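Engineer: Below is the structure I would like to discuss, written out as structure tokens.
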Amino acid sequence: MISEDDVWKCLEQIPDPEIPVLNIVELGVIRKVQITNNHVTITLTPTYSGCPAMKHMEQEIQRSLKMFKGIHLKLETVYFPPWTTSWISVEARNKLQAYGIAPPEEETERKAALWGVESKIQCPRCKQQQSKLISQFGSTACKALYQCQSCMEPFDYFKCL
Amino acid sequence: MANALFNYILRLADSTIILAQRDAEWTGHGPYLEEDLALTNIALDLFGRGKALLEYAAKLEAKGRTEDDLAFFRSERQYFNAIITELPKGDYAFTMLRHAIVDTFDLLLYSALMSSTDETLKGIASKTCKEIQYHQRHSFAWIKRFGLGTEESARRVSDALEQLWPFTDDLFDQAPAEVDLINAGIIPDRSSLKPAWQNHILNLFNEVHLKPNTEAFMQSGSIKGIHTEHLGHLLAEMQALPRMYPNATW
Ligand SMILES: [Zn+2]
């Protein structure tokens, strides 16, 4: 008999295709796992509406859960409540930093960035706080591009949402 | 009322994917790399919103059509996108001014839809609103840059305004069948959004010394599926592959 815990453990093995240091559970896209008899329903929410990685994640989930024989898997997408960077755990933030991506600011409740207030983002390499926004849109939907004014390296910032 | 809601969702979806398609035309042609990425990301956000809306429309219709069928197998007269979204991409001033106009409208519309009594619509609106704020920040920054930049950039954005302004009323048109949806608290009355839209957009224009021609003849018709000649060309390109290979998957 498969338990919810088994499913969560399995999902934790699936890396985010664009930021492989994070798994999809840490990213906060898995909202719910429900099991009734051998029917497993997993509820997901996209980070960004057009995130091209969602399809890939769904395929990976289907592939990974094949290890449980005889289950009926159903994937559901919900948009409410909308995904927010507040759902990224502290450990995940540290992993992002170590990977070279500046994690989203803690104070996401204020959503200052959304209102055009630019804050100084810490450079994930030299840890200096003197950075400059290069572009609000980076290599993927969830990132903005900054440049450190101290070491001059450009870096990705996981922007607040 | 189910039919009115289907038509309404289709209308939202169409404006979204047609604008996305125009934005996507800049992919690989942006003025510089960061802008190329920016506009491509914005187009992706819009395609994502469009897909969510079309999925919902397909579900409401319940005739076995999928979101892809709705996107790729309808012709011009069956499309209800606001005319402003279908106009050719023009230069960068034109593209950014159109975005500023539509972003401001969308932010008001989808903010209002966040309190819809329809749960699905409310969910999609909550998701998309946060993204529109980023889009608007981007487009407004460009309008300031153009408007307060060189003589040439100011001329370009002023020309763009002359071409775009006559299509702004069309955004606020309302179908008679939408009245029931308004009364049921599912959608906002579009005319109630107009003062705030005018306020935001005219403030931006004032800041950069832009003046719309308020005497201009206002074009509308999207609510009846009436379009400029440009939509057909856009659809021909967007729909070519699924129409040539109807069961293609990728
Ligand atoms: Zn640095």
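The values are calculated or read from the model by the stated rules, or taken from the named source; none is laboratory data. All of these numbers come straight from a predicted model, not from anything done at the bench. Methodologically, a virtual Cβ is constructed for each residue, glycine included, from the backbone with ideal geometry; neighbour enumeration extends over all protein chains shown. Accessible surface areas use protein heavy atoms only, side chains included; no ligands, DNA or RNA. Shrake-Rupley method; radii C 1.70, N 1.55, O 1.52, S 1.80 Å.
Engineer: Of the residues that sit in the range B:11-20 and are open to solvent by less than 10 Å² (accessible area, probe 1.4 Å) and in contact with a Phe, Trp or Tyr (Cβ under 6 Å, 6 or more places away or on another chain), which one is farthest from the other protein chains (Cβ to nearest Cβ)?
Structural biologist: Across the range B:11-20, the extreme among qualifying residues is B:D14.
Engineer: Would you be able to say whether some residue in the range B:141-148 is away from chain A (no Cβ under 14 Å) and surrounded by fewer than 17 Cβ atoms within 10 Å (Cβ to Cβ)?
Structural biologist: Checking the range B:141-148: at least one residue is away from chain A (no Cβ under 14 Å) and surrounded by fewer than 17 Cβ atoms within 10 Å (Cβ to Cβ).
Engineer: Kindly indicate which of A:P104, A:P46 is touching a Phe, Trp or Tyr at 6+ places or on another chain (Cβ under 9 Å), closer than 19 Å to B:C129 by Cβ and in the same structural domain as A:L145 (by TED's automatic domain parsing).
Structural biologist: Only one candidate qualifies: A:P104.
Engineer: A further question on this structure: Name every residue in the range B:32-72 that is under 19 Å from B:T16 (Cα atoms), open to solvent by less than 30 Å² (accessible area, probe 1.4 Å) and either within 9 Å of chain A (Cβ to nearest Cβ) or not in a helix (DSSP H, G or I) (or both), in order of residue number.
Structural biologist: Hits for the range B:32-72 are B:A38, B:L39, B:N41, B:I42, B:A43, B:D45, B:L46, B:G48, B:R49, B:G50, B:A52.
Engineer: Quick check on this structure: which one of B:L204, B:L241 is out of contact with any Leu (no Cβ under 7 Å at 6 or more places or on another chain) and either exposed (fewer than 15 other Cβ atoms within 10 Å of the Cβ) or not in a helix (DSSP H, G or I) (or both)?
Structural biologist: None of the others qualify; the one that does is B:L241.
Engineer: If a residue has to be buried (at least 21 other Cβ atoms within 10 Å of the Cβ) and more than 7 Å from chain A (Cβ to nearest Cβ) to count, how many in the range B:117-135 make the cut?
Structural biologist: Qualifying residue count, the range B:117-135: 4.
Engineer: Hey, another quick one. Pull out all pairs, ordered by first then second residue, where Cβ-Cβ is under 6 Å, the residues are six or more apart or on different chains, the first lies in the range B:48-62 and is within 19 Å of B:I132 (Cα to Cα), and the second is polar (S, T, N, Q) and part of a helix (DSSP H, G or I).
Structural biologist: B:R49/B:T16; B:R49/B:T128; B:G50/B:T16
Engineer: Let me ask you something else. Can you run down the residue pairs with Cβ atoms below 6 Å, 6 or more apart or on separate chains, where the first is in the range A:69-81 and assigned by TED's automatic domain parsing to the domain that holds A:E58 and the partner is surrounded by 12 or more Cβ atoms within 10 Å (Cβ to Cβ) and charged (D, E, K, R)?
Structural biologist: A:L75/A:E58; A:Y79/B:K127
Engineer: Here's a follow-up. State yes or no: is A:T45 β-branched (V, I, T), away from the ligand (no atom under 16 Å from the Cβ) and at pLDDT 85 or above?
Structural biologist: Yes, satisfied.
Engineer: Six or more apart or on different chains, Cβ atoms under 7 Å: show the pairs whose first residue is in the range B:134-163 and part of a helix (DSSP H, G or I) and whose second is hydroxyl-bearing (S, T, Y).
Structural biologist: B:Q136/B:T104; B:F146/B:S153
Engineer: If we keep just the residues of the range A:120-143 that are small (G, A, S), open to solvent by less than 70 Å² (accessible area, probe 1.4 Å) and more than 16 Å from the ligand (Cβ to nearest atom), which is modelled with the highest pLDDT?
Structural biologist: Among them, the one singled out is A:S135.
Engineer: Any residue in the range A:123-142 that is more than 10 Å from every other protein chain (Cβ to nearest Cβ) and in a strand (DSSP E or B) sitting within a Cβ distance under 6 Å of a residue that is within 16 Å of the ligand (Cβ to nearest atom) and modelled with pLDDT under 85? List the pairs, counting only those 6 or more apart or interchain.
Structural biologist: A:S131/A:K120
Engineer: Sticking with this structure for a sec: Take the residues in the range A:146-161 that are within 10 Å of the ligand (Cβ to nearest atom) and part of a loop (DSSP other than H, G, I, E, B), then tell me which one is surrounded by the fewest Cβ atoms within 10 Å (Cβ to Cβ).
Structural biologist: A:M152
Engineer: Kindly establish whether B:R155 is within 14 Å of chain A (Cβ to nearest Cβ) and either at pLDDT below 95 or open to solvent by 40 Å² or more (accessible area, probe 1.4 Å) (or both).
Structural biologist: So B:R155 fails the test.
Each row is one residue, and each column tells you yes or no for (1) open to solvent by less than 60 Å² (accessible area, probe 1.4 Å); (2) within 16 Å of the chain's Cα centre (by Cα); (3) more than 14 Å from chain B (Cβ to nearest Cβ).
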position: A:V7; (1), (2), (3): yes, no, yes
position: A:Q13; (1), (2), (3): no, yes, yes
position: A:N23; (1), (2), (3): yes, yes, yes
position: A:K32; (1), (2), (3): no, yes, yes
position: A:P46; (1), (2), (3): yes, yes, no
position: A:S49; (1), (2), (3): yes, yes, no
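Engineer: Would you confirm, using the coordinates I've provided, whether B:D23 is acidic (D, E), assigned to a helix (DSSP H, G or I), open to solvent by 10 Å² or more (accessible area, probe 1.4 Å) and in contact with a His (Cβ under 9 Å, 6 or more places away or on another chain)?
Structural biologist: Here the answer is no, as B:D23 does not meet what is asked.
Engineer: Here is a follow-up. Among what's in the range B:73-93 and is assigned to a helix (DSSP H, G or I) and open to solvent by 10 Å² or more (accessible area, probe 1.4 Å), pick the residue that is farthest from B:A236 (Cα to Cα).
Structural biologist: Across the range B:73-93, the extreme among qualifying residues is B:Y92.
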